[in-house]
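We did not get these values from a lab; they are worked out from the coordinates using the rules stated. Computed from a prediction, not measured in an experiment: that's the story for all the values here. All Cβ positions, even for glycine, are placed from backbone atoms using ideal geometry, and neighbour counts span all protein chains on display.
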Ligand SMILES: Cc1cc2nc3c(=O)[nH]c(=O)nc-3n(C[C@H](O)[C@H](O)[C@H](O)COP(=O)(O)OP(=O)(O)OC[C@H]3O[C@@H](n4cnc5c(N)ncnc54)[C@H](O)[C@@H]3O)c2cc1C
């Protein structure tokens, strides 16, 4: 059995989620190859080749793949798909955009956000914002799966796989990249951070959100937010944690001025330690918190900052 | 230009999910059902494009048992001009849904299909992309802004690293994210008027689609509960616990 992992990257660096995908793929197959699709992305292939357990890295380096649009990548994936019994991508916006398109053209189902592989046909995935877990058996000859990276350990980095350049025809005229507006924060990346400090509507304004940023910087943490905080414009959409935002599972998650709606909990309740700071003792966030502190965040955050100085 | 808006009936977003004790599924008996929130946003966007004069007709389509008629009537009250009910089981797999929708796309030839990016029950996030694949159309998923430009549509997408702007040729598939718009509420006169709007019914047979099962749900369980936590009474007590008990601070 062979599995194909689609590398998650930005043309410069390999996203560590890819190493978790390799771990997942090794539970399904004894040979795991990685497909890197992008433009000028040789460093990504180099880094993928160092992942333990990878047999071969297929490198589709083509200007038409630069922005990783689904219309361009799908034919490339289909071109190499023959012979693989599983195709895996991260449940990132890139993976979620691409894999259903691939699955439909292979005439197979797609399994989203898999958190556990039971056997080569059976998978567990959250439904209803993580309020239930479904164990699903697939009858398809090829499994097309997005994986929740935080549910799988990263494979070690002591491998030495061969890199095989492949020619793909990725040119298409249906969709065109116009521009992007990226978050260039120097802080750790939200999905990969060991510590996350998230702020909600309780912060009250974009200016006050600096309190969350200051605490995050003291802890070397990434910043997250509730939907209400994003909707109100305190921070950008890429920081939303929850059912429809990012799913995080850091060692320490500190929720500040967040009530704990089920859609928010869906994105953080697998964190190892959860701290909630909220002035409302009845706030549902306290039901998942390991340490709850009832009080005014405008007093508590400056104090914490001082204690951690 | 016609806009097609597929709609799913789901458990209301604010209702607590209960799993059957025999692990056969989620208990939906007597539960409050609603239009999937992302479908509401998709529909709102279509109606706004019609109000701007860009679209000529908004068609809502839903697949499922008799009860999806409730959500189609809501869609008509919210501004859809007519609706199509495809009679089938309530829990079809995404690929079957996409095949049925493709057949509707072939009949109606819409310039845009706007869908919700995911349904809040299955959380799959697949149908729009699959439909785009089967039709051979471009796709813009997770849309937070949609702007028509002659025979192109420009879409801002919410992606993991921030925002991305794409331009698509028509016909195209768009899936709506939360910040695309804030859906309106249906007003009483519109609810009355909706009763007179047409609802067509079709079957998978009439659409020439053979449904095929790929997946079996073996069981549905509740996630393991978290260990109950404790209350701390000051910032310094919190730091002390995080350092010495949880050992997550140096
Ligand atoms: C389809 C759908 C998808 C959704 N997806 C997401 C998602 O991905 N992520 C997400 O987060 N939400 C999501 N939501 C929204 C979710 O339901 C909640 O509305 C949202 O999480 C609320 O954000 P909040 O906790 O910041 O705001 P609120 O619920 O308003 O809570 C603010 C909290 O701050 C506290 N507070 C106020 N002032 C202070 C103070 N001075 N000191 C201490 N505490 C204070 C209050 O007690 C309150 O508990 C979704 C909703 C829907 C319908």
**OP:** Sum -39500 (n - 2.57) across every DSSP H segment of at least 4 residues in chain A, then divide by the residue count to get the 222 nm mean residue ellipticity, nearest 500.
**Re:** -7000 deg cm²/dmol
Subject >> Compactness index (Cα Rg / 2.2 N^0.38 Å), the stretch A:2-165 >> reply: 0.95
Original post:
Working out 0.36 nm times the residue gap between residue B:216 and residue B:201, then minus their Cα-Cα distance, what length gain in nm do you get to one decimal?
Top reply: 2.6 nm
Original post:
Calculated FRET efficiency, residue B:66 and residue A:178, Cβ-Cβ r, R0 30 Å, to nearest 0.05?
Top reply: 0.10
Original post:
Simple spin-label model, 7 Å along Cα-to-Cβ: residue B:14 to residue A:10 in nm?
Top reply: 3.7
Subject >> Debye equation applied to the C-alpha atoms of the stretch A:1-94, log10 I(q)/I(0) at 0.11, 0.18, 0.21 Å⁻¹ >> reply: -0.25, -0.71, -0.99
Original post:
Given the C-alpha centroids of the stretch B:127-156 and the stretch A:65-96, what is the distance between them in whole angstrom?
Top reply: 18
**OP:** Can you give me the P(r) profile for the stretch A:214-309? Cα pairs, bins 5 angstrom wide beginning at 0, each as a whole percent.
**Re:** 3, 14, 23, 28, 22, 9, 1
Original post:
Based on the mean of other beta carbon atoms within 10 Å per residue, what is the order of A:72-80, A:261-269, most packed first?
Top reply: A:261-269, A:72-80
**OP:** Beta carbons within 10 angstrom, averaged per residue: use that to sort the peptides B:33-46, B:9-22, highest first.
**Re:** B:33-46, B:9-22
Subject >> chain A - share of DSSP beta bridges that are antiparallel (%, nearest 5) >> reply: 20
Subject >> Kirkwood Rh, angstrom, chain B [1 / mean 1/r, Cα pairs] >> reply: 19.9
Original post:
In whole Å, what are the Cα extents of the stretch A:155-244 along the three principal axes, biggest one first?
Top reply: 52, 41, 24
Original post:
Per the helix-only calculation at 222 nm, which mean residue ellipticity applies to chain B, given -39500 (n - 2.57) for every DSSP H run of n ≥ 4 and division by its residues, nearest 500 deg cm²/dmol?
Top reply: -8000 deg cm²/dmol
Subject >> Cα principal axis extents for the stretch B:179-233, largest first, Å >> reply: 60, 40, 22
Original post:
How crowded by other chains is B:18-24, given as the mean number of beta carbons from other chains within 10 Å of each beta carbon?
Top reply: 2
**OP:** Using DSSP, restrict attention to beta bridges with both residues in chain B and report what percent are antiparallel, rounded to the nearest 5.
**Re:** 40
Original post:
Efficiency by 1/(1 + (r/R0)^6): what FRET value for residue A:287 and residue B:107, r their Cβ-Cβ distance, R0 = 51 Å, to the nearest 0.05?
Top reply: 0.55
Original post:
What does the average come to when, for each residue of peptide B:232-244, you count the partner chain Cβ atoms lying within 10 Å of its Cβ?
Top reply: 5
**OP:** Sticking with the crude label model, points 7 Å out along Cα→Cβ, report the distance from residue B:28 to residue A:296 in nm, one decimal please.
**Re:** 4.7
Original post:
When Cβ neighbours within 10 Å are restricted to other protein chains, what is their mean count per residue of peptide A:285-297?
Top reply: 4
**OP:** Would you mind computing, in nm to one decimal, how far apart the modelled labels at residue A:42 and residue B:239 are, each placed 7 Å from Cα along Cα→Cβ?
**Re:** 5.0
Subject >> Scattering curve values for the protein assembly as shown, log₁₀ I(q)/I(0), Debye with Cα scatterers, q = 0.06, 0.07, 0.10, 0.11 Å⁻¹ >> reply: -0.29, -0.40, -0.84, -1.02
Original post:
Taking the Cα atoms of the stretch B:151-250, what is the range of coordinates along each of the three principal axes, in descending order and whole Å?
Top reply: 66, 40, 37
Original post:
Relative to the first principal axis of the alpha-carbon coordinates of chain B, what is the inclination of helix B:37-51, with its axis defined by its Cα atoms, in degrees from 0 to 90 and to the nearest 10?
Top reply: 40
Original post:
Peptides A:25-36, A:202-213, A:85-96: what's the order by average Cβ count within 10 Å, highest mean first?
Top reply: A:85-96, A:25-36, A:202-213
Original post:
Hey, what did the stretch B:2-244 get for relative contact order, percent, Cα under 8 Å, at least 6 apart?
Top reply: 23
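What list do you get for A:218, B:157 if you sort them by fewest beta carbons within 10 Å?
On the way: A:218 15, B:157 24.
Ordered from fewest to most neighbouring Cβ atoms within 10 Å, A:218, B:157 come out as A:218, B:157.
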Original post:
What's the center-to-center distance, using Cα atoms, between the stretch A:100-121 and the stretch A:267-289 in Å?
Top reply: 32
